[in-house]
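The values are calculated or read from the model by the stated rules, or taken from the named source; none is laboratory data. Computed from a predicted model, the values in this text were never measured in an experiment. Ideal geometry is used to build each Cβ from the backbone, glycine not excepted, and the neighbour counts take in all protein chains shown.
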């Protein structure tokens, strides 16, 4: 247990029985009354932001979280099976922890998983991934208006918009956070 005065942005706390990350913590000293801390906490599971007022001596539980690189091996139902790159232990990580980036993860890719007391609480895919185009319509000659795009299907089965010059068999870089095309890879 730690005092509220020891909280820093980025810490992970157990607050009201839920795991939260500290988004912002402010120390306030009003003209009347004692000093206090105003905190903005983001719930790890739901993503909701909770605001709380803590006394300077109020006790909070700062959780010890370990984040490591793991290699994605394969999909098993609602879970991804990942392997620790050092000990070669395998873990099942719920797909929901990756959020929308889960659809871009390929076998052999490194991902970051955060564990608290051996339980996975957060997972993060790389910011960008290289995917091969398995199907796209050929560009129509003369259709070269600036910024024109077409749909293409990637090796993971995701359909994204790409510029007209991208062809079947090309490798492209995709932003896993937004799902948008970044560039063609040579």
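Return the total of residues in the range 54-86 being more than 28 Å from the chain's Cα centre (by Cα) and without any contact (Cβ under 8 Å) to a residue 24 or more places away in the chain.
0
Provide a single number: the residues in the range 41-66 that are within 14 Å of residue 98 (Cα to Cα) and in contact with a strand residue (DSSP E or B) (Cβ under 6 Å, 6 or more places away or on another chain). It would help to see each step written out before you state the result.
First pass over the range 41-66, keeping only residues within 14 Å of residue 98 (Cα to Cα): 44-47.
Imposing the further condition that a residue be in contact with a strand residue (DSSP E or B) (Cβ under 6 Å, 6 or more places away or on another chain) reduces the set to 44.
Qualifying residue count for the region: 1.
Would you please name the residue that is nearest to residue 96 (Cα to Cα), looking only at residues in the range 17-40 that are free of Cβ contacts under 8 Å to residues at least 12 places away in the same chain and in a loop (DSSP other than H, G, I, E, B)?
My answer is 17.
When the range 108-135 is examined, which residues are found to be assigned to a loop (DSSP other than H, G, I, E, B) and either within 27 Å of residue 186 (Cβ to Cβ) or assigned by TED's automatic domain parsing to the domain that holds residue 161 (or both)?
We begin by selecting, within the range 108-135, every residue assigned to a loop (DSSP other than H, G, I, E, B); these are 108-109, 117-118, 125-127.
The answer is 108, 109, 125, 126, 127.
For the range 87-107, enumerate the residues that are touching a residue at least 12 places away in the same chain (Cβ under 8 Å) and in a loop (DSSP other than H, G, I, E, B).
First, the residues of the range 87-107 that are touching a residue at least 12 places away in the same chain (Cβ under 8 Å): 90-98, 100-107.
Matches in the range 87-107: 105, 106, 107.
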